[in-house]
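Contents: one structure, followed by commentary.
The values are calculated or read from the model by the stated rules, or taken from the named source; none is laboratory data. From a predicted model like this one, the values you see are computed outputs, not experimental measurements. Every residue, glycine as well, gets a Cβ built from its backbone with ideal geometry; the counts of neighbours run over all protein chains shown.
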Ligand SMILES: [Zn+2]
Ligand SMILES: [Zn+2]
């Protein structure tokens with residue numbers, strides 16, 4: 001495998017000439033996610049709930065987190081809303097094996113961390129179940145975390161938690177079912193002992209944050225201190241952006257989304273496993 005990937009890296013310039021990169025969203029030649037499409041992305045911004053990271057009109061604590069904060073996580077953050085070019089970029093990386101998108105998407109994670117400095121002792125990609133990993137051939141969260149680790153020289157800690165239970169796709173489940181579905185899906189790797197380290201979980205996309213919380217519980221069990229989570233995108237449960245949302249701010253559009261709960265037909269929430 002190592003030989004093949006080394007060969008792939010050496011062949012890349014040749015392949016780029018024969019099959020030049022094409023934007024996965026608009027089809028323009030030149031890069032996997034063109035500048036125009038990257039410009040169209042919708043950042044979540046800082047008017048959010050300080051715990052779950054969902055947008056609010058003012059930064060604070062949302063109604064939901066007053067009753068059920070996303071323990072044991074200190075906070076969940078997403079750089080973009082899960083729609084348009086970002087959603088397509090994530091799907092192409094994950095389901096169509098367009099791995100050069102990993103460094104492109106990871107750049108946004110790097111920027112986000114640099115702007116909000118917190119000292120992390122390690123970056124923890126959300127692990128896939130071994131069967132899933134075998135089927136896909138790679139863990140997209142690990143590719144992202146590895147890029148961030150390289151850029152920010154924060155250790156990559158893929159050796160702390162493991163996925164011990166194969167879970168149903170989260171996409172068709174409501175918030176409560178999602179929590180149940182992933183409860184106990186993760187466990188610390190045998191023999192891992194942490195000593196209060198501050199860690200950052202990395203994933204491609206979060207919806208309710210149930211997966212991140214379950215993974216965080218395994219880290220806490222192993223002895224982690226503060227645990228934060230950062231994803232490239234933030235999706236919403238079973239929602240679709242209404243057509244009349246043009247001109248709204250990102251936060252307003254998201255809140256409107258919330259009030260228009262319906263089965264998505266255009267940008268389905270990710271299965272996220
Ligand atoms: Zn494009
Ligand atoms: Zn909240």
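Only one entry in 138, 120 is surrounded by 14 or more Cβ atoms within 10 Å (Cβ to Cβ), under 21 Å from residue 104 (Cα atoms) and at pLDDT 95 or above, namely 138.
For region 18-103, give me every one of the helices (runs of 4 or more DSSP H) that falls completely inside it and has 2 or more residues that are within 28 Å of residue 226 (Cα to Cα) and out of contact with any helix residue (DSSP H, G or I) (no Cβ under 9 Å at 6 or more places or on another chain).
Working: elements: 35-39, 63-67, 84-95.
Filter on region 18-103 gives 63-67.
Can you tell me which residues in region 47-78 are away from ligand 2 (no atom under 12 Å from the Cβ) and either surrounded by 23 or more Cβ atoms within 10 Å (Cβ to Cβ) or without any contact (Cβ under 8 Å) to a residue 60 or more places away in the chain (or both)? If the condition is that a residue be away from ligand 2 (no atom under 12 Å from the Cβ) and either surrounded by 23 or more Cβ atoms within 10 Å (Cβ to Cβ) or without any contact (Cβ under 8 Å) to a residue 60 or more places away in the chain (or both), then 58, 78 are the ones that fit. Here residue 175 fits the description: in contact (Cβ under 8 Å) with a residue 60 or more places away in the chain and over 17 Å from residue 120 (Cα atoms). So residue 87 passes all but one of these: (1) buried (at least 21 other Cβ atoms within 10 Å of the Cβ); (2) within 16 Å of ligand 1 (Cβ to nearest atom); (3) under 21 Å from residue 200 (Cα atoms). Which condition number does it fail? Answer for residue 87: the failing condition is (3). Check residue 100 against each of (1) within 12 Å of ligand 2 (Cβ to nearest atom); (2) in contact (Cβ under 8 Å) with a residue 60 or more places away in the chain; (3) closer than 27 Å to residue 40 by Cα; (4) over 14 Å from the mean Cα position of the chain (by Cα) and name the one condition it does not meet. Unmet for residue 100, out of (1) within 12 Å of ligand 2 (Cβ to nearest atom); (2) in contact (Cβ under 8 Å) with a residue 60 or more places away in the chain; (3) closer than 27 Å to residue 40 by Cα; (4) over 14 Å from the mean Cα position of the chain (by Cα): (1).
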